[in-house]
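Nothing in this text is a laboratory measurement; each read-out follows from the coordinates by a stated rule. Please read all numbers here as calculations on a predicted model, not as lab measurements. All Cβ positions, even for glycine, are placed from backbone atoms using ideal geometry, and neighbour counts span all protein chains on display.
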Amino acid sequence: MADLNAMLAPGMIVRHPDHPEWGDGQVQSNIGGKITVNFRETGKQVIDGARIFLVLVSF
């Protein structure tokens, strides 16, 4: 299975699988496995891509 997190790029829309209440989020950056996402309901979050596999909504 390919690592989807490694392919995430700025502008893509994702969801956090453990926090659906955060809503959709837009990827801001993806550097060294740290993915910064600006979520609609909770603002900017830095996600450890080695531990959390984000769900792609649109690109």
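Filtering segment 25-43 for residues that are loosely packed, with under 13 Cβ neighbours inside 10 Å and in contact with a Phe, Trp or Tyr (Cβ under 6 Å, 6 or more places away or on another chain) leaves a non-empty set.
Yes or no: residue 7 free of Cβ contacts under 8 Å to residues at least 12 places away in the same chain and either surrounded by 11 or more Cβ atoms within 10 Å (Cβ to Cβ) or touching a His at 6+ places or on another chain (Cβ under 8 Å) (or both)? Against the criterion (free of Cβ contacts under 8 Å to residues at least 12 places away in the same chain and either surrounded by 11 or more Cβ atoms within 10 Å (Cβ to Cβ) or touching a His at 6+ places or on another chain (Cβ under 8 Å) (or both)), residue 7 qualifies.
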